[in-house]
Amino acid sequence: MTDERDREIARLRKINAALMKRVERSTDHQGTAFSLFQTAIGLEDRIRRRTQELTATLADLERSNLQLKGARDVAVEANRSKTRFLAAASHDVLQPLNAAALLMSSLGQVQNSTEGRRLCDRVERSLDTMDTLLRTLLYMSRLDAGDVEPEWCTVSLDTLFASLASDFEPLARQRGLALRVRRTGLHVRSDATMLRRLLQNIISNAIRYTERGGVLLVAGRRGTDVHVRVADTGVGIARERFEDIFVEFDRGGGAATRDGDASAGLGLGLAIVERMVDTLGHDLTLNSRLGRGSCFGLTMSGATPVAPRPCRNSFAMSGSRGAVTSLVGARILVVENDLVALQALEALLTQWGCRLRLASSTSEACDAITGGSWLPDVIVADQHLENGDRGTTTIALVRQLVAQRIPALIVTAVPSESLARTTGEAQIELMSKPVKPAQLRALLMHLRRGSTLPAVSA
């Protein structure tokens, strides 16, 4: 009996132990599930908080982007306003500057004393410096505003280098420097006028800051690109100042003003170079060592040579008329709405012996030649006249009235590419204010030679 009872007890204990293990496993599973449930709740809460934070961050970013866009739009409009203001201001300033230059030329011609002529020359140089500064600032403003569109063409570097050498060799000789230019036979894709101007500025700086030795202008191929170098043996530039020299009105020092030239070292040459390079998409590099010299490198796309186009000469004549060396007796119709500029131009042309008819508007210009008893040899007109009149329109109407393509010249304080195209198509010469008297006289004599021109259709 006892053994049977012991066996029953042992069996019950095994059953109890098995049940206890099952209960424990069930409890463990329940605990794990609860733990997982709690973890899931915690994760959901964290995800909700992170989502809220991300949403808030995205909203802040969107507001920041809107603010940046607004600030950018304001900056763009401010830049455009600056360009418009400078254009308007330059016209208002260049008008009296043009009159002053013409009057100074007239005054210089009547001076009998050496001192009087010397003072007139100094004033004229100062006016030229002011003109250069104003035009450079206006051009830089247009570059900043993106208003300058390159006129892409194939440029012969040999032709360009020869022209630059002709310009700078006299200055280099005057300073006791050697200017070496190597022919390359290479052509590049660029804007001919802008490329020439930026190389002019680099070479001018190289000569200005070089006291001994000289300047080298050379080009070579780099794959499909062409690399132009302007190297000098000048004072050099410290590496930490490489960026500073492209800042407006940074004039460096020393050699830039050693000759006392008032026009030297305005501090705009390299600033405008950087802007033109950006506009053209060329690559500009600089290597320099203090006391050893500098080397500016310009890399641009190479191009295949093309046949040169003949230059337009609006009034070149193949007839038998001889060269005109005087303006005495030349009949000139002057159209100018600014009274001071008109009086200054009248005084200068009268000194040259011209016979004038003066007008300030299109209607007055037409009235001046009505009847046909007086026909001008040349028309000189300002582009911006009163009441929205344009000099180009005035010239067209006068030509139509007399049924002749009278040689004509537009003078303007606000030159532009569109005006250059308009005058080119109409065979009208274009000159920027302030007018340089010597250039005006030479151009008027050239136009007078071509005063017998084909009739234009009415």
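Throughout, read-outs are computed from the coordinates displayed, never taken from laboratory work. This structure is a prediction, so every number in the text was calculated from the model and none was measured. Counting neighbours? That spans all protein chains shown, and the Cβs are built from the backbone with ideal geometry, glycine included.
Descriptive notes on the structure:
- The fewest-to-most ranking of 139, 209 by surrounding Cβ atoms within 10 Å reads 139, 209.
- If R0 is 22 Å, the Cβ-Cβ spacing of residue 158 and residue 283 corresponds to a FRET efficiency of close to 0.50.
- Two-site FRET efficiency, residue 367 against residue 221, from Cβ-Cβ distance with R₀ of 60 Å, rounded to 0.05: 0.45
- Note that the stretch 331-449 shows a convex hull volume over its alpha carbon atoms of 97 Å³ per residue.
- Label point distance in nm, residue 384-residue 122, each placed 7 Å from Cα along Cα→Cβ: 3.3 nm
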